[in-house]
1. Output the residue which, of all residues in the range 167-208 that are in contact (Cβ under 8 Å) with a residue 60 or more places away in the chain and surrounded by 16 or more Cβ atoms within 10 Å (Cβ to Cβ), is farthest from residue 243 (Cα to Cα).
2. Would you call residue 14 part of a helix (DSSP H, G or I), modelled with pLDDT of 85 or more and farther than 22 Å from residue 146 by Cβ?
3. Taking residue 46, is it under 28 Å from residue 139 (Cα atoms) and out of contact with any Gly (no Cβ under 7 Å at 6 or more places or on another chain)?
4. Can you name the residue in the range 463-484 that is of a type in the set (Val, Ile, Thr) and within 36 Å of the chain's Cα centre (by Cα) and, of all such residues, is nearest to the ligand (Cβ to nearest atom)?
5. For the subset of the range 443-460 comprising residues that are outside any loop (DSSP other than H, G, I, E, B) and either of a type in the set (Ser, Thr, Tyr) or surrounded by fewer than 16 Cβ atoms within 10 Å (Cβ to Cβ) (or both), which member is farthest from the ligand (Cβ to nearest atom)?
6. Taking the criterion of being at pLDDT 90 or above, over 25 Å from residue 118 (Cα atoms) and of a type in the set (Phe, Trp, Tyr), would at least one residue in the range 38-56 satisfy it?
7. Can you find even one residue in the range 347-370 that is closer than 20 Å to residue 463 by Cβ, aliphatic (A, V, I, L, M) and surrounded by 13 or more Cβ atoms within 10 Å (Cβ to Cβ)?
8. When the range 26-56 is examined, which residues are found to be in contact with a strand residue (DSSP E or B) (Cβ under 7 Å, 6 or more places away or on another chain), of a type outside the set (A, V, I, L, M) and part of a helix (DSSP H, G or I)?
Amino acid sequence: MEQKDLILETYSKISDLVMEISSLKDLSQIENSINTLVNRILTVNNAYFLKPTEKGFEEVNNKNVPEEIMDLVSWAAKSLKISVFPLEEGGSALIIPFSRSQKLLLIYACETDTEEISNEATVFLNIMSFLTATIIENLELYEEILKTNEIIESNRKFLNQILDSMISGLAVYDNEYKELFRNKNFEKFEQEYGKKLIEFIKEELVKLEIFGEKITKEKEFDEHFLSIDLLRTEEDNYLVIISDITGTKELERLRKLDQMKTEFLSTVSHELRTPLAAIKAYSESIVESLDFMDTETLKDFMETILNEANHLQNLLDEILDFSRLEMKSINIKKEEFSLNELIDEVYSSNKSKAESNDVKLYKVLPKENIIVNLDRTRVKQILSNLIDNAIKYSDKRKDLKFVKITLQDRGDKVWILVEDNGIGIPKEHHEKIFEKFYRVDSSLTYEVSGTGIGLSVVKELVEMQGGKIWLKSVENKGTRFYIEFDKGK
Ligand code: ADP
C-alpha cells in the first residue's frame, strides 16, 4: 500500500472510532464498545473492567479476576500506560488504563493469544483510550450534575413547602422590581387586596432603593391592617413579607380604649368635684354669714354658684349625650331654620364667656339668609362645643386672642368655620382628635380641664345629619374646624 493510502486508511479508522465513542451514553455501552474495538485488533479470550476504589480495584460486572491479572492491573495502574504482559500459561494480558489528568477512571484488562501488538494497534488503542477516558469523565460529571440537580430540586421543594406553610405572604423581586418568587399566601393577599396592594409594594420598593436596607409599613386595606416588611438581600434582590395584623391592632385598640376609659372616669370625677366643691363652699359661706352679708357680696356668691352649676350641667349633658350616642338612642329632629340667626344666637350666648377669657369673638355672615333643614338644637350644640374648645384652648401667651365663626354659602351646601389663634393641634393628632376620650398629650392641653369626649360627640352629631367635619391646624398658630352640611331643602 502506498504511504498516502495508508495515511488515509488510518484517518478513516480514527474518524470511525471518534464517531463511535462520542455517541456512547452510559458505562455499559462503553464496555461493549471497548470490547468490540479491541476485538478488531486482537482475539480477546476473557475481558474485565475494573474501577479504582479506596481499597484497590473492583470488577464492574462482578467477574472473578485471576490473581495474576490483578497483579498486572495494579502495576499498570501506576504507569497509566497501555501495557502487554506475557502470561505464565502462554498468551498475554493487555491492560488499558483510562485516565484524565493523571486520574485513573477505569481499567480494561483482557487475556489474548496475541503475543505482540503492532505499533499501529498501539496508536489505535491509545487514541481509543484517550477518547473513552474523556467520555467516562463527562459521563461522571453529568451524573454528578444530575445528582446535584436532584438535591437542589428536593431542597427547593422542601423550602417551598416551608414558605407555603407560612402565615405571612412572601415574595422576592429583582432590582428592576420584577417578581421572582411568591408563596401561596402572597397569592392570597393579592387576590384579596388586588392591584392596590402590589402598587403600594412597588412604591415602597422604590423608597427602599433610595433610603436603605429595610422598611416596615403598616397600612389599612379594606378594613384590614397589613404589616409589610421590605428588605434588600445581599444579592440585591428585594424580599417582601406581608402579615395581617388586624387582630393585634384590634386588641391594641381595645386595650387603649380600656385605658382611656379608666382615665376618663378619673377625669370626670375630678371635673365634677371641682364645681361641686365651689358650690358647697360658697353655699356654706352664705348659710354661715347670711346675717352679716351685704347684698352685693351675696349676689357675687350666688352668681358663682350659678356659673358652677351651669358648668356642672354642661358636663353632665355632654356625658349624657355621649352615653346616648353609644347606645344609639339619639334622634335627629330636622326642621327648617336660618343658620344666620342661629349663629347670631350662639355668638351672643358665648360673647361674655369669651371676653372673660380675654378672647375676642367674631362672626362673619353672608348677607343672604341661609335656610337649612337640620336639627337646630344639635347644630347649636355642635357650634357651642367648638366655640367652647376654641376659647378653652386659646394661647395665654398671645396678646390678641380671637375666635371667629364664619358662615359660607356653597351652592346646595353650606360651610361653617370655627377658627381660633390658640395653641393649635400638632399634625400627628389631627386624625385621632375625634376619637372618644382622646386628648392631645401636651402640657398646654392638660392645663385646661376636659374629658376628651366633646369632639367625638360633635363628629357623631354632624354625621348623623349627613354632614362632614374636618380641621386644619398648626401648632402654636391656631385651629380651624370646617363643617359642611347639605342645605337639604
Ligand atoms: P376636651 O374635653 O379635652 O376638650 P374634646 O373632645 O372637645 O375634649 O377635644 C379633644 C382634644 O382636642 C382636646 O383635649 C384638645 O387637646 C384638642 N382640641 C380640641 N379643640 C381644640 C382647639 N380649638 N385648639 C387646640 N386643641 C383643641
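1. Checking each candidate, the answer is 173.
2. In short, no.
3. Against the criterion (under 28 Å from residue 139 (Cα atoms) and out of contact with any Gly (no Cβ under 7 Å at 6 or more places or on another chain)), residue 46 qualifies.
4. Of everything passing the filter in the range 463-484, 479 is nearest to the ligand (Cβ to nearest atom).
5. That would be 443.
6. Checked the range 38-56: no residue is at pLDDT 90 or above, over 25 Å from residue 118 (Cα atoms) and of a type in the set (Phe, Trp, Tyr).
7. No, the range 347-370 contains no residue that is closer than 20 Å to residue 463 by Cβ, aliphatic (A, V, I, L, M) and surrounded by 13 or more Cβ atoms within 10 Å (Cβ to Cβ).
8. Scanning the range 26-56 gives 31, 35.
The values are calculated or read from the model by the stated rules, or taken from the named source; none is laboratory data. This one's a predicted model, so the numbers in the text were calculated from it and none came from an experiment. Note: ideal-geometry Cβ built from the backbone for every residue, glycine included; neighbour counts use all protein chains shown.
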